[in-house]
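The values are calculated or read from the model by the stated rules, or taken from the named source; none is laboratory data. A quick note: this is a predicted structure, and the numbers were derived from the prediction, not measured. When we count neighbours, we look across all protein chains shown, and the Cβ atoms used for this are built from the backbone with ideal geometry, even at glycine. For accessibility, only protein heavy atoms count, side chains too; no ligands or nucleic acids. Shrake-Rupley method; radii C 1.70, N 1.55, O 1.52, S 1.80 Å.
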Amino acid sequence: VLQNVIAQTVHDVWSILIITIIVLFMLSILGVQLFGGSFSRVDEETRWSFADTYQAFLVVFMCITGDSWPDASAQAMSVTNNWAPLYFCLVIVFGDMIVMNLFIAVLLQGFDIEDGGLMELEDFTEIARDAFVSS
């Protein structure tokens with residue numbers, strides 16, 4: 001049952017994954033343009049930098065996953081201009097709340113069974129049983 005669900009949602013998940021990467025890339029380029037010259041590694045303990053697109057992509061990914069984005073935002077506000085709070089709010093709203101929730105919604109839609117109804121508790125117990133028996 002689980003393999004069928006995964007096979008049915010691969011196309012939808014692939015589309016959302018491409019959209020997610022495009023949004024991350026756009027937000028990374030915006031971050032490099034806003035903070036590129038002034039917001040690089042202040043010391044060796046920081047994990048974020050907008051020195052190039054790759055580092056900015058990692059910072060944006062950390063922000064949308066919720067991994068210490070307040071620390072990155074606070075450091076950006078202390079060493080750059082007044083655009084930092086607006087930028088990090090934009091990253092959280094578009095990256096975390098819209099794109100990631102859209103990704104999760106597509107995955108959950110895949111757990112909808114073929115007749116259009118919602119899965120019953122018995123279906124979930126069958127999936128769990130199959131997962132534990134096969135491992």
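Answer yes or no as to whether A105 is modelled with pLDDT under 75, assigned to a helix (DSSP H, G or I) and among the hydrophobic types (A, V, I, L, M, F, W, C).
Spelling it out, it is not the case that A105 is modelled with pLDDT under 75, assigned to a helix (DSSP H, G or I) and among the hydrophobic types (A, V, I, L, M, F, W, C).
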**Request:** Considering each of M26, M100, M62 in turn, give the residue that is at pLDDT 85 or above and open to solvent by less than 80 Å² (accessible area, probe 1.4 Å).
**Result:** M62
**Request:** Among residues belonging to segment 81-93 that are touching a Leu at 6+ places or on another chain (Cβ under 7 Å) and crowded, with 17+ Cβ neighbours inside 10 Å, point out the one that is farthest from C63 (Cα to Cα).
**Result:** Y87
